[in-house]
Amino acid sequence: QVQLVESGGGLVQPGGSLRLSCAASGIMFSTYRMDWYRQAPGKLRELVATVTRVYTTAYADSVKGRFTISRNNAMNTVYLQMNSLKPEDTAVYYCHLGGLGASYWGQGTQVTVSS
């Protein structure tokens, strides 16, 4: 079956960096769009970044210039490089595989930005 496994979350000080990874299995990864979402306590889940199967990227305004999404199809992995982190970036981050009628979610990884 399809599995998405995130890693790389943790506690970081404001201004710091983290890199999230999401490894996919059980599906032809290169065929699909990959997204990163996040959900903060008491808030709706929001789309943070997306990368299509042809490597086109898009970002939420709140993270433009600070976050970079990338994918390695040979490794079936999508990444989210997060720089200049702010306390408001604190959330559970989820990877999502979509397109062609498919929709799968990872279990989420906690990112906490605090001094």
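The values are calculated or read from the model by the stated rules, or taken from the named source; none is laboratory data. Just so you know, these numbers come straight off a predicted model, no measurement behind them. Virtual Cβ from ideal backbone geometry, glycine too; neighbours counted across all protein chains shown. Accessible surface areas use protein heavy atoms only, side chains included; no ligands, DNA or RNA. Shrake-Rupley method; radii C 1.70, N 1.55, O 1.52, S 1.80 Å.
Among the residues examined, V48 qualifies as closer than 17 Å to D89 by Cβ and either at pLDDT below 95 or touching a Lys or Arg at 6+ places or on another chain (Cβ under 9 Å) (or both). Scanning segment 56-96 for residues that are under 16 Å from S114 (Cβ atoms) and more than 14 Å from the chain's Cα centre (by Cα) turns up S84, L85, K86, P87, E88.
Under the condition of being open to solvent by 30 Å² or more (accessible area, probe 1.4 Å) and among the hydrophobic types (A, V, I, L, M, F, W, C), the residues counted in segment 1-17 number 3. Restricting attention to segment 6-39, the residues that are within 11 Å of the chain's Cα centre (by Cα) and touching a residue at least 60 places away in the same chain (Cβ under 8 Å) total 11. Of the strands (runs of 3 or more DSSP E) lying entirely inside segment 19-115, the ones with 1 or more residues being open to solvent by less than 30 Å² (accessible area, probe 1.4 Å) and closer than 17 Å to E6 by Cα are found at 33-39, 46-51, 67-72, 77-82, 91-99, 109-113. Report yes if T90 is within 25 Å of G26 (Cβ to Cβ) and either of a type outside the set (D, E) or in contact (Cβ under 8 Å) with a residue 12 or more places away in the chain (or both), otherwise no. For T90, the condition - within 25 Å of G26 (Cβ to Cβ) and either of a type outside the set (D, E) or in contact (Cβ under 8 Å) with a residue 12 or more places away in the chain (or both) - is not met.
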